[in-house]
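Engineer: To start, I am sharing the structure in question, which I have written as structure tokens.
The values are calculated or read from the model by the stated rules, or taken from the named source; none is laboratory data. No experiment lies behind these values; they were computed from the predicted model shown. Cβ atoms come from the backbone with ideal geometry, glycine included; neighbour counts cover every protein chain shown.
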Amino acid sequence: MAKLCKAGQQLREQIDDDYPERDRTSDGWIGDTRHSARKSDHNPDPKSGIVRALDIDADLGAHREEAYALVEKIRKCAKRGDKRIKYIIFGGKIMSPILNWKRRPYKGINPHRHHFHVTFILPLSYRHPTHIPPHHLYHIATPFK
């Protein structure tokens, strides 16, 4: 049975708490038939059933810039050393350890303009909940231990 990785669950819950009225139309984590036909982080790991990708609708119920600001907070968290995040895609840009988390053009099929995509590194993202720090994943002022 497929299950979203723990870090993905934590991030989704934190965003839901901070933006309870947000649009969830473009939210998702498990791949549809288009995803299952190709390699995708939305497909469950064949051994564990864990999915390590999360999409969050860009309409957070606030200004459009709010999604950009939230993605920037997540990017900075990863740049500071949060090893759970593998890469982020939003607005036709990808951010990853390549070029030290700088935004660069994303050339994939979907430019991710209506939602942002976060892929997690499975070994660190699927832990028992008691091992995940209780801090907000994307709050810059709260570093991970």
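Engineer: Wholly within region 52-117, which strands (runs of 3 or more DSSP E) include no fewer than the required count, namely at least 1 residues that are closer than 14 Å to S26 by Cβ?
Structural biologist: Fully inside region 52-117 and qualifying: 53-57, 85-90.
Engineer: Would you mind stating whether Y106 is more than 15 Å from the chain's Cα centre (by Cα) and at pLDDT 95 or above?
Structural biologist: Judged against the criteria, Y106 is a match.
Engineer: Taking the condition of being in contact with a helix residue (DSSP H, G or I) (Cβ under 7 Å, 6 or more places away or on another chain) and either closer than 14 Å to R12 by Cα or without any contact (Cβ under 8 Å) to a residue 40 or more places away in the chain (or both), how many residues in region 40-83 meet it?
Structural biologist: Qualifying residue count, region 40-83: 7.
Engineer: Given (1) closer than 17 Å to F120 by Cβ; (2) touching a residue at least 12 places away in the same chain (Cβ under 8 Å), identify the lone condition not met by E13.
Structural biologist: Failing condition for E13: (2).
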